[in-house]
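One structure below.
Each reported figure results from applying straightforward, stated rules to the coordinates on display, with no laboratory input. Nothing here was measured: the structure is a model prediction, and the numbers come from that model. Cβ sites come from the backbone with ideal geometry, for glycine too, and all protein chains shown count toward neighbours.
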Amino acid sequence: MKLSELQAIFCMNAAKLILKMSEPPYSCRFGEAWRTPEQAKWNAERGIGIVNSLHRDRLAVDLLLSKDGVWLTTREPYIPFGQYWESLNSLNRWGGDWNNNEVEDKGDKDANHFEMKEAV
């Protein structure tokens, strides 16, 4: 599948997720979406990201969840949204599940991260 096709699927999935995360009593805001190669390199050099981030390919987004106007920064409230995200497409991955051998455990830090891995 072409990158542009994956990006279109990702975009539709992200729209569905944003609508889901915007149902009362929640609200949703953008964190980081697209990341330049230079920004990805800078983040990697500081240990706050990776060089080959899917943000560079427009296949990742960080969404900030609030409940009753309070920004939620722990993994727990994101769990149902992470499960929903992963149910939308078999290529979708949620950062809150990154506690396995594939990706370093980041705990609460990446619970707001939603991505679509590229089909091989």
Scoring only Lys, Arg, Asp and Glu (+1, +1, -1, -1) among other residues with Cβ under 14 Å from the Cβ of Lys16 yields -1
Residue-count net charge about Gln39 - beta-carbon cut-off 10 Å; Lys, Arg +1, Asp, Glu -1: +1
Using unit Cβ charges (K, R positive; D, E negative) and no other charged atoms, how large, in debye to the nearest 20, is the dipole of the chain about its Cα centre? 280
Separation of the Lys20 and Leu64 label points, Cα + 7 Å toward Cβ, nm: 2.2
Summing -39500 (n - 2.57) over every DSSP H run of at least 4 in the chain, dividing by its residue total and rounding to the nearest 500, the 222 nm mean residue ellipticity is -10000 deg cm²/dmol
Given the chain, what whole percent of its Cα pairs are spread farther than 26 Å? 16
